[in-house]
Amino acid sequence: MQEQYDYIIVGAGSAGCVLANRLSADPSISVLLVESGPDDSSPLIRMPRGIGKLLAPGNPHVWDYQVSRGQGMPAEVWLKGRAIGGSSSINGMVYVRGAPADYDAWEAAGCIGWGWKDMARQFVALEDHQLGASEARGDSGPLKVSIHPSGSPLCEAVIQAAEQSGVQRVSDTNHVATVEQGAFGYQPQTTWQGKRFSAARAFLHPIRKRPNLRILTGTEVLRINFSERRAVSLLVRDKRGERQFGIRREVILSAGAIQSPKLLQLSGVGPAALLAEHGVPLISDSPNVGRNLREHVCLAMQYRVTGGSLNHCFRGLGLLGSLWKYYAHSRGPLTHAAHEAGGFIKTRPELDRADAQIGVSLHSLVQEGETVVPEKLPGLTFYCYFMRPESQGQLSIRSADPDVPPAIDANFLDSEVDQTAAIALIRWVRQLCAQPALAPYIVSEEVPGRAAQSDEEVLAAARAIGQTAYHVSGTCRMGGDSASVLDPELRVRGVSGVRVVDTSIMPTLVSGNTNAPAMAIALRAAELILEGATRRQSDSPHRQLDLHELEGQQQ
């Protein structure tokens, strides 16, 4: 007999872990959480700088995709989390919420209930922040957020140089005014006591033993099956073969901005001509599934420096010393997130709000054979991107076979706005490095190199070095218009019993990293799902979970 569940969540990533926690809080609701990757038991996941090994094609904890970047840009590989915790288990742990104006713009465009008023409280409920509570910061939520320790001479030089450039220094770079008007400081990050603090640690580990929650790993989702446009079952495959699970209420796609639209297309929800081309029976013609792909174009500017770099801590005997500090004391460079410092800046003074984000990393990388490793000489990297790109890409299935990866065109730097911002951003970082506080550390600009001077040369350099920021979004856009893939309650238009809850729902990219917004989106989605279920079943209302009452101890 076919097993049935009230809710089936596809993907145990940042959003999926939150949903599993919230929806299974009512013991009368049965929840199945399906993850294609393994559990998050690898010690490289807990080790913050384990990302150097995790973020590699072929690693079992990641999906890897070949992607066309755009005009004049060679193809690249995109990596996305494929494990319990999803990308929160393999990412750089940079904690950024986005700007209030981002969410208010969603609401103004028809996404009622998604403005800052509703989203701010999700972030407050989310956080257990080292800096304590404030109007827009939480201190008793399930997700640990810490600040990188101060004191590095090179970090101090960068922050002081930012001040000399007119950018204020702050203790919390996520402060509302900071994100809007710009500021620099030490990086907020999802680590705790020297270890990664993923969505799985915050939301899933404490409640894994709930009897009404079942978690499957190593299980591929192949297709949603429909009857009269109603989702009725999910076809999956694991080492035992194919089987189906019945859907009583809804299937929720939280598989990420690549896998979620791919699964919709494979299931017959997508552009009719595309589905016909690949022999997929049409359930609902939804032309924008897979379109509106948004991504930040990361410009990694590398500098040779006189000292203060951590390159030597990740090679040879230095690496052995770092490993000893990590395992013996949970300290040292291996406990660092991707960036030690950073912030938000206006690339041009006339702008009304900050338009770019910069992450400061006390290392520089070089290609050695098939791998990327820290350089032997001391280096510093600025990871920079324009926060509100207008260029849009798309993805589409290339076959009805779920094992065939989709075709992805990022279409980077297609918009003139994006091009202008990229040029201004490279020039701003150069100006930063010329400030009195930082200039004594700078030996040379290694990437892209000072040879690029004219606007045309700088743009060509941006095309040469521009790469994914791991913030892929927008491919199942929500909106109040009929052309949107999702309505404002994240229900897939044209069918029933299917929602999408992950970064693919974003109409436009938020101003910054997307991991924290993915969790906040899931908190908001859970409210909408449970409120809707309560309205439909007024005789058996669902208890709302207090996030402060997580079962068990934090792992």
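Might you check whether a residue that is of a type in the set (Ser, Thr, Tyr) and farther than 20 Å from residue 67 by Cβ occurs anywhere in the range 380-393?
Just the residues of the range 380-393 that are of a type in the set (Ser, Thr, Tyr), to begin with: 381, 383, 385, 391.
With the extra rule that they be farther than 20 Å from residue 67 by Cβ, the set shrinks to 381.
Taking every residue of the range 380-393 in turn, at least one turns out to be of a type in the set (Ser, Thr, Tyr) and farther than 20 Å from residue 67 by Cβ.
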key: Hey, residue 331 part of a loop (DSSP other than H, G, I, E, B), over 25 Å from residue 430 (Cα atoms) and either touching a residue at least 60 places away in the same chain (Cβ under 8 Å) or assigned by TED's automatic domain parsing to the domain that holds residue 48 (or both) or not   = yes
request  = Please report, ordered by residue number, the helices (runs of 4 or more DSSP H) entirely within the range 64-173 with at least 3 residues that are outside the structural domain of residue 443 (by TED's automatic domain parsing), under 30 Å from residue 409 (Cα atoms) and not charged (D, E, K, R).
outcome  = 100-108
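Does residue 196 fit the bill of being more than 22 Å from the chain's Cα centre (by Cα) and at pLDDT 95 or above? Before the answer, list the steps.
Values: more than 22 Å from the chain's Cα centre (by Cα): no; at pLDDT 95 or above: yes.
So residue 196 does not fit the description; no.
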query = Quick one: in the range 486-534, which of the residues that are without any contact (Cβ under 8 Å) to a residue 40 or more places away in the chain and of a type outside the set (D, E, K, R) is surrounded by the most Cβ atoms within 10 Å (Cβ to Cβ)?
reply = 505
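The values are calculated or read from the model by the stated rules, or taken from the named source; none is laboratory data. This structure is a prediction, so every number in the text was calculated from the model and none was measured. All Cβ positions, glycine included, derive from the backbone under ideal geometry; neighbour counts span all protein chains shown.
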